[in-house]
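Participant: Please read through the structure below; I'll follow up with questions.
Throughout, read-outs are computed from the coordinates displayed, never taken from laboratory work. Here the structure is a predicted model, which is why all the values come from computation and not from measurement. Every residue, glycine among them, receives a Cβ derived from its backbone with ideal geometry; neighbour counts consider all protein chains shown.
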Amino acid sequence: MKQLYILRHAKSSWAQPGLGDIQRPLNKRGLKQVSSLRAWIDQQGIIPDKVLCSPATRTQETYRGIKAAFDATPFETIASLYNGRMDDYLQALWVQEADKIMVIGHNPTCDELARYLTKPGSPASDKLMAHHFGTATMAVFSLDTSDWQQLGQASGSLDVMLRPKDLESN
């Protein structure tokens, strides 16, 4: 059994003209999202065995904001997760050995990957299909497989679809 956490970076800033997209930092709202997300991750006892992250500043800052919940977890920056397609994300996962992996990336790929992996009738699939995969959204999957190479279409049960609005109501 594998677990996959797909996390889209928190809200980023466009306030610095001329700053390249890869260098955009989190804004005030994004920092608040990260703080709420870290508290929720800690409360849920989520401890991935490995974190895969895009090299973009906003994904790295999202990771730094939540890592206190699982500080000893190995972390890897993967260049293909920035501007990557779904195949890039899948290829990054297929070579992993850890049982529980968190991927911190970007849209539209986080959304596409979550929809691709979700088995119809999964507990949170209706929520995924009804909503945009906004910033600081996390999809939590249970995968009935012992090998990441078996990861494919409709291969995961979407157990939780967490959006920032879900945390605001708590």
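Participant: Given Cβ point charges of +1 (Lys, Arg) and -1 (Asp, Glu) and nothing else, what value in debye, to the nearest 20, does the dipole of the chain about its Cα centre take?
Facilitator: Here the chain has a charge dipole of around 700 debye.
Participant: Do you know the Lys pair count in the chain for C-alpha distances under 20 Å, with sequence separation 8 or more or different chains?
Facilitator: Final tally of qualifying lysine pairs is 17.
Participant: Another question about this same structure. For the range 125-170, what percent of Cα pairs sit more than 17 Å apart?
Facilitator: 42
Participant: Taking the range 2-168 as the region of interest, what is the percent of Cα-Cα pairs per 10 angstrom bin, listed from the shortest bin to the one with the maximum distance?
Facilitator: Histogramming the range 2-168 at 10 Å steps yields 11, 43, 38, 8, 1 percent.
Participant: Defining a contact as two alpha carbons under 8 Å apart and six or more residues distant in sequence, what relative contact order in percent does the chain show?
Facilitator: Rounded, it is 31 percent for the chain.
Participant: Then there is this: Work through the residues other than L167 whose Cβ is under 11 Å from its Cβ and net out their charges, Lys, Arg +1 and Asp, Glu -1.
Facilitator: Taking every other residue near L167 into account, the sum is +2.
Participant: Also, I was wondering about something else. Provide, as a two-decimal number, the C-alpha radius of gyration of the range 76-153 over 2.2 N^0.38 Å, N being how many residues it has.
Facilitator: Working it through for the range 76-153, the quotient is 1.07.
Participant: Over all pairs of distinct alpha carbons, what does the Kirkwood formula give as the hydrodynamic radius of the range 105-145, in Å?
Facilitator: Computed over the range 105-145, the radius equals 10.7 Å.
Participant: Hey, what D do you get for the range 67-108 in µm²/s if you plug the Kirkwood alpha-carbon radius into Stokes-Einstein at 10 °C and 1.306 mPa s?
Facilitator: After rounding, the answer is 138 µm²/s.
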